[in-house]
1. Can you find, within region 203-233, the residue that is nearest to PRO147 (Cα to Cα) among those that are modelled with pLDDT under 80 and of a type in the set (A, V, I, L, M, F, W, C)?
2. Of all residues in region 154-189, count the ones that are crowded, with 18+ Cβ neighbours inside 10 Å, within 26 Å of the chain's Cα centre (by Cα) and within 23 Å of GLN221 (Cα to Cα).
3. Quick check on HIS21: is it in contact with an Asp or Glu (Cβ under 7 Å, 6 or more places away or on another chain), modelled with pLDDT under 95 and not charged (D, E, K, R)?
4. Given the conditions (1) in contact with a Cys (Cβ under 8 Å, 6 or more places away or on another chain); (2) farther than 30 Å from ALA133 by Cα; (3) in contact (Cβ under 8 Å) with a residue 24 or more places away in the chain, report the number of the one that THR61 does not fulfil.
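The values are calculated or read from the model by the stated rules, or taken from the named source; none is laboratory data. Quick caveat, the model's predicted, so the values are computed rather than measured. Quick reminder, even Gly has a Cβ in these numbers, built from the backbone with ideal geometry, and neighbours come from all protein chains shown.
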Amino acid sequence: MASSVATPDAPAKDPHLPPLHRVGDVAAPKAPDDIPAARLEDGALTDLIVKLAYTVSRFTTDWARQQLHLSLPLVQELLLEVCREGMLEELLTTSQVSSHYRITDRGREFAARCLEVCGYIGPAPVRLETYAAMLRWQFASSPQVLPEHVASALSGLVLTQKAGQLAGLAVSSGRSLFVYGPSGNGKSSLGRQIHSALQGDFWVPYAISVGNTVIRVFDDQSHQRVAIPGEKAGTID
């Protein structure tokens, strides 16, 4: 993320905006340290960690943290809870912060039922409302889109002046753009190029949660992770 987007100030009236902290010169969403701070549906994270355990014969605390992209305190809390419910079994403690685990028969039955409802296994999602609030904050904090930014982004296309102006208005508004017309008139090309008119980088989650449904957002083909000076592993997951 570009430093021009960085500011610790958050709109006080948006209850869905996650807490922010600084990573180098960048303002980043703070990783939750406990289950309530994650703001997800009840049981969403425990269901996810049991489904994850279902995919391997045994695993460690650190492996679960890396797979879920959650903070260590939160993963420890989740593991303790599911062990207490008899769905995981702690096999070996290797340090104060790491242990080895395996899923129990009860956990396998539970994971199978969870997978029938939602087959997603991967990094922990964020709520749709949180994602929307973070996007609103980022658009409000990002540099203004200037005509020269739009002209540069669309320089490879042959467009009328009016079409270029409308594209510029759409980008600067921070809202969705609906492009329609006959096949072959450049809709896809416009969509691929116009995003470069936006200055800076934007936080996107790996996935979003809508009720019992998880929708993947991050795509290696469409998104690129930006290296941030001063970033530490696990800090901004």
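1. The extreme case among them is VAL226.
2. Residues flagged as crowded, with 18+ Cβ neighbours inside 10 Å, within 26 Å of the chain's Cα centre (by Cα) and within 23 Å of GLN221 (Cα to Cα) within region 154-189 amount to 1.
3. no
4. Tallying (1) in contact with a Cys (Cβ under 8 Å, 6 or more places away or on another chain); (2) farther than 30 Å from ALA133 by Cα; (3) in contact (Cβ under 8 Å) with a residue 24 or more places away in the chain, THR61 fails exactly one: (1).
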